[in-house]
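The values are calculated or read from the model by the stated rules, or taken from the named source; none is laboratory data. Bear in mind the structure is a predicted one, so any value in this text is a computation, not a measurement. Cβ placement follows ideal geometry from the backbone for every residue including glycine, while neighbour counts extend to all protein chains displayed.
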Number of protein chains: 2
Amino acid sequence: MASLKEVAEQAGVSESTVSRALRGTGRVSAKTRAHVQEVANRLHFTLSRSASSLASGKTMRVTMVFTDTLNTWFNAAALEGAYEVLSEAGYDLVPMIVRTQANMQRFFERLPGNRNLDGMIVVSIMLDNTQVGILEDLTIPSVGLDARAIGGYSATVRVDDADSMHQAVQLLHSLGHERIGFVEMPDNPDFLFSAKLRSGAFMDAARQMGYDENDLALFEGRDSSKFRSFQDAVSETANRIISRPNRPTAICVETDDFAIALIYAMRRVGIRVPEDLAIIGFDDNDRSSMAELTTLHQDPVMMGRMAAEKVVALMHGETLHEPHSMLRTSLIMRATTRRLGQ
Amino acid sequence: MASLKEVAEQAGVSESTVSRALRGTGRVSAKTRAHVQEVANRLHFTLSRSASSLASGKTMRVTMVFTDTLNTWFNAAALEGAYEVLSEAGYDLVPMIVRTQANMQRFFERLPGNRNLDGMIVVSIMLDNTQVGILEDLTIPSVGLDARAIGGYSATVRVDDADSMHQAVQLLHSLGHERIGFVEMPDNPDFLFSAKLRSGAFMDAARQMGYDENDLALFEGRDSSKFRSFQDAVSETANRIISRPNRPTAICVETDDFAIALIYAMRRVGIRVPEDLAIIGFDDNDRSSMAELTTLHQDPVMMGRMAAEKVVALMHGETLHEPHSMLRTSLIMRATTRRLGQ
DNA sequence: CTGAAAGCGCTTACAG
DNA sequence: CTGAAAGCGCTTACAG
């Protein structure tokens, strides 16, 4: 465990010079630098992050906050994207899961006094006013990824729900569907996740396209804690759709996973997709192409990268040209949609 | 940004007492402790990890090393499992990707001098002798997850390939298949990943069950850099299987994803699965049930948890009863296997 | 149970 | 370009 001091002795220079040589900062002659680096390598020397951190005031650590497991399609991809950028920039990425409102509350309460992060990326979380206020007062940058609103964040990366829903409605309209609907996911009672955002956008788009209220169906997300399992939620939702008077001939579902599960549920009771019910998903995840699902494609790896690029720039004191990025999704046409009657 | 000093002043005690009270270590009267905590909360005080770390010599940081992206089915799940345990124990989990042998080399070279980790989990990596030597000399624990061998590691968590392949061969045998084969994934030329381990186990199991060399086929994994894409590798492998003289009637494929891709490739050229070719996968990942794939189920979230429990115990100075855990897979029967001729 | 003091291993003005 | 010195904010024997 060589220390910087030993490197200095062996290299015959002062500790200050070793520090400057190793970090490539400050003026050091090329010759000295090379020599110091050579000695450091020989001794397997690595700077102590804790000591550097304490002395410099920078932790070189960025935390990424989730409310769900890390191994969901979106979260894992966002993590990967952020990792690529942060590791390149020399920062450690520390994932963190805040599962309950109580935990979230505690996390935010300590944020003002937390000197253990240089920046943070907050994923898919809807903030309340207190939290927005805390973020605004923070001296470190906070970036909202898949943020529901820009309030409080130094920057955000989001998908354009309005445009996406426009594309979805347009497709269904062009295929001749006169009665359409939107299906929300089960709600996490602990977080104000915004299915509403997407469903609202769908409804607005439909109205704009001339759909009448009577021809629009909204299948609201029920409290997920009411269900024993994902399958239960799927069945319950499928039943609501099936028993709906004047059932829509096409639906858009909040996420691919829910859409795919619904396709299976429909087929099990003899409702053909897309002949009897056309379905559009959202995500274009790993399973979508196998399920031949028509869907709106988003790229969470890239979103993770963008969010990380923003925090890095902000931590470096730069000003962002475009702090709030809104990404467009692209419609992927597959086999779960078809012209009505064909 | 309150410091421990301010908390001490406001609480009317010494800094030592604040430290002891907040960390729950050392003897402090219940009354003092409560008071200090109350003051700390009021000031939004959080201990500086860097300072604690520097003073105590513990970094409270565990790194998890991967050679592939974080958002693969296995890696994301392992990360999630490890996170659950480490966060509970107060450790930060810092993921790290080492993509090339050169990077890996550098990582290992610096390991002896690296004081920035209290422990590490190394995922799916085949170590060479030098690396094994470095790990052995390390003062911090290293746990191999999905390790190919136990050499160098303080502990490992692995899946029982021999037993798994035994189950696979037994199933095929019981279904009446007389010519069987194993299909390896494309090889990463940069890492000595061990498809060989699994394929070797398959071959051994088959010989034990009485299969003759002439009735055994091994489709070796080719250097993945030779292929432009995953699809290319799939096509090339499918061709080799199809054009094999005396083609097997059943194959076991190294992973589900490759197995599923092969199913599609086979069906495209009119080879029916399972009628003409039965297929068994390995993993039981997200897509397997949708593909109706018969497969060997492993649980990487649990493996991540177990690996993390081992590092935590070792970091706490405990001795493990069972440092090397070998997990059994379970055979999930689905639609890609069937009695021969039915 | 509590406090005074040394020290962890760096970085960074400051001076030259 | 380089060095001496102060200081970052804690923890932990040591003493009482």
Item to check | Tally, over the range A:228-268, of residues that are more than 14 Å from A:I180 (Cα to Cα), in a helix (DSSP H, G or I) and among the β-branched types (V, I, T) | outcome: 4
Checklist entry - So which pairs qualify, if the first residue must be in the range B:72-96 and under 16 Å from A:A82 (Cβ atoms) and within 9 Å of chain A (Cβ to nearest Cβ), the second must be of a type in the set (D, E, K, R) and outside any helix (DSSP H, G or I), the Cβ gap must be under 6 Å, and the two must be at least 6 apart or on different chains? => result B:D92/B:R61; B:V94/A:D92; B:V94/B:R61
Next on the checklist: Looking at A:K58 and the list (1) over 15 Å from the mean Cα position of the chain (by Cα); (2) free of Cβ contacts under 8 Å to residues at least 60 places away in the same chain, which single condition is not satisfied?
Outcome noted: (2)
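Please note which strands (runs of 3 or more DSSP E) are completely contained in the range A:51-132 and include at least 1 residues that are within 16 Å of DNA strand C (Cβ to nearest atom) and buried (at least 18 other Cβ atoms within 10 Å of the Cβ).
Numbers: elements: A:61-66, A:92-97, A:119-123.
Result: A:61-66, A:92-97.
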Item to check | Only one of B:V98, B:V39, B:V65 that is in contact with a Phe, Trp or Tyr (Cβ under 9 Å, 6 or more places away or on another chain), closer than 29 Å to A:S56 by Cβ, more than 8 Å from DNA strand D (Cβ to nearest atom) and not assigned by TED's automatic domain parsing to the domain that holds B:P141 | outcome: B:V39
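Only one of these is at positive phi, surrounded by fewer than 18 Cβ atoms within 10 Å (Cβ to Cβ) and outside any strand (DSSP E or B): A:G152, A:G210. Name it. Explain how you work it out, then say what you get.
Numbers: A:G152 fails: surrounded by fewer than 18 Cβ atoms within 10 Å (Cβ to Cβ).
When all the criteria are applied, what remains is A:G210.
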Next on the checklist: Take the residues in the range A:4-19 that are more than 14 Å from every other protein chain (Cβ to nearest Cβ) and farther than 30 Å from A:V62 by Cα; name whichever of them is farthest from DNA strand C (Cβ to nearest atom).
Outcome noted: A:G12
Next on the checklist: Suppose we filter A:L22, A:L47 for residues that are surrounded by 15 or more Cβ atoms within 10 Å (Cβ to Cβ), modelled with pLDDT under 95, assigned to a helix (DSSP H, G or I) and near DNA strand C (Cβ under 8 Å from one of its atoms); which single one remains?
Outcome noted: A:L22
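Looking for whichever is modelled with pLDDT of 95 or more, in a loop (DSSP other than H, G, I, E, B) and outside the structural domain of A:A82 (by TED's automatic domain parsing) here; the options are A:I280, A:I271. Which one fits?
On the way: A:I280 fails: in a loop (DSSP other than H, G, I, E, B).
Step by step, each of A:I280, A:I271 is checked, and only A:I271 is modelled with pLDDT of 95 or more, in a loop (DSSP other than H, G, I, E, B) and outside the structural domain of A:A82 (by TED's automatic domain parsing).
In the list B:T294, B:T249, which residue meets the criterion of being in contact (Cβ under 8 Å) with a residue 40 or more places away in the chain, buried (at least 22 other Cβ atoms within 10 Å of the Cβ), of a type in the set (S, T, N, Q) and over 30 Å from B:V122 (Cβ atoms)?
Values: B:T249 fails: buried (at least 22 other Cβ atoms within 10 Å of the Cβ).
Within the list B:T294, B:T249, the selection yields B:T294.
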